[in-house]
Amino acid sequence: MTQTADWYFDFISPFAYLQFKHFERLPEALEVTLHPILFAGLLGHWGHKGPAEIPAKRTQTYQHCDWYAARLGVPFRTPPAHPFNPIKVLRLAIALEAKPAAVGAIFDYIWGEGGDVHSDAGFAELAERLGLDDVDSMITAPAVKTALRANTDAALAAGVYGVPTFAVDGQLFWGFDLTDLFIEFLENPGVMQTDEMKRLAKLPMAIEREI
């Protein structure tokens, strides 16, 4: 029986790239809809910082991803500057209907080769590789801009707080390191319905930090 899932991602995330490169691990019967969203919109909504906004975490994240990719045998090179503004590539993915081939090509350029999509020259090179003409008109189309906002709003409505996130049957699986749990859930939804999982879902807070 065919299953469906939503995948929320932003090209700014190296972990989204790593997870995308392992989509072949997903069940063949699973139909995944790709949703480009603005990670900064999640951060603003939930009121927390991204990994690249915390100096020590920023350095360790890049080093971790470089080590992790080598361990997994995945081509990896961090772009020349990060974080970068991902809006143009997010809109480009939407203009190309977020098809896996297009999304994969963008990911490969940014994180597989270290392409500089923040610069006009780097973005133009990506567009040329994709065989696109008048790419500026594509990414400034009102429908494309609206779709990116709608995708981000839909992610927030679903409770998404980070990227990448799989959403299926009301369950969210955030991060590349939850890929195994996500796959197990697809095979056995009961893994999230054990007594301990239910207890953890309702675990009270003993103290709340003032922000």
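Annotations for the structure displayed:
- Elements of type helices (runs of 4 or more DSSP H) in region 112-190, at least 1 residues being over 19 Å from Pro100 (Cβ atoms), of a type in the set (S, T, N, Q) and out of contact with any His (no Cβ under 6 Å at 6 or more places or on another chain): 135-139, 142-157
- Some residue of region 169-178 being of a type outside the set (A, V, I, L, M), surrounded by 10 or more Cβ atoms within 10 Å (Cβ to Cβ) and over 18 Å from the mean Cα position of the chain (by Cα): yes
- Scanning region 33-51 for residues that are surrounded by 15 or more Cβ atoms within 10 Å (Cβ to Cβ) and in contact (Cβ under 8 Å) with a residue 40 or more places away in the chain turns up Leu34, His35, Pro36, Ile37, Leu38, Phe39, Gly41, Leu42.
- Checklist (1) surrounded by 15 or more Cβ atoms within 10 Å (Cβ to Cβ); (2) in contact with a Phe, Trp or Tyr (Cβ under 8 Å, 6 or more places away or on another chain); (3) without any contact (Cβ under 8 Å) to a residue 60 or more places away in the chain; (4) among the aliphatic types (A, V, I, L, M) applied to Ala105, failing item: (2)
Each row is one residue, and each column tells you yes or no for (1) out of contact with any Lys or Arg (no Cβ under 9 Å at 6 or more places or on another chain); (2) surrounded by 13 or more Cβ atoms within 10 Å (Cβ to Cβ); (3) under 28 Å from Glu24 (Cα atoms).
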position: Thr140; (1), (2), (3): no, no, no
position: Leu148; (1), (2), (3): no, yes, yes
position: Phe166; (1), (2), (3): yes, yes, yes
position: Leu181; (1), (2), (3): yes, yes, yes
position: Leu186; (1), (2), (3): yes, yes, yes
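- Flag for Val117 being touching a Lys or Arg at 6+ places or on another chain (Cβ under 9 Å), surrounded by 15 or more Cβ atoms within 10 Å (Cβ to Cβ), farther than 27 Å from Pro75 by Cβ and not acidic (Asp, Glu): no
Every number in this text was worked out from the coordinates using simple rules, so none of it is lab data. What you see is a predicted model; the values in this text were computed from it and never measured. No Cβ is skipped: glycine too gets one built from the backbone with ideal geometry, and neighbour counts run over all protein chains shown.
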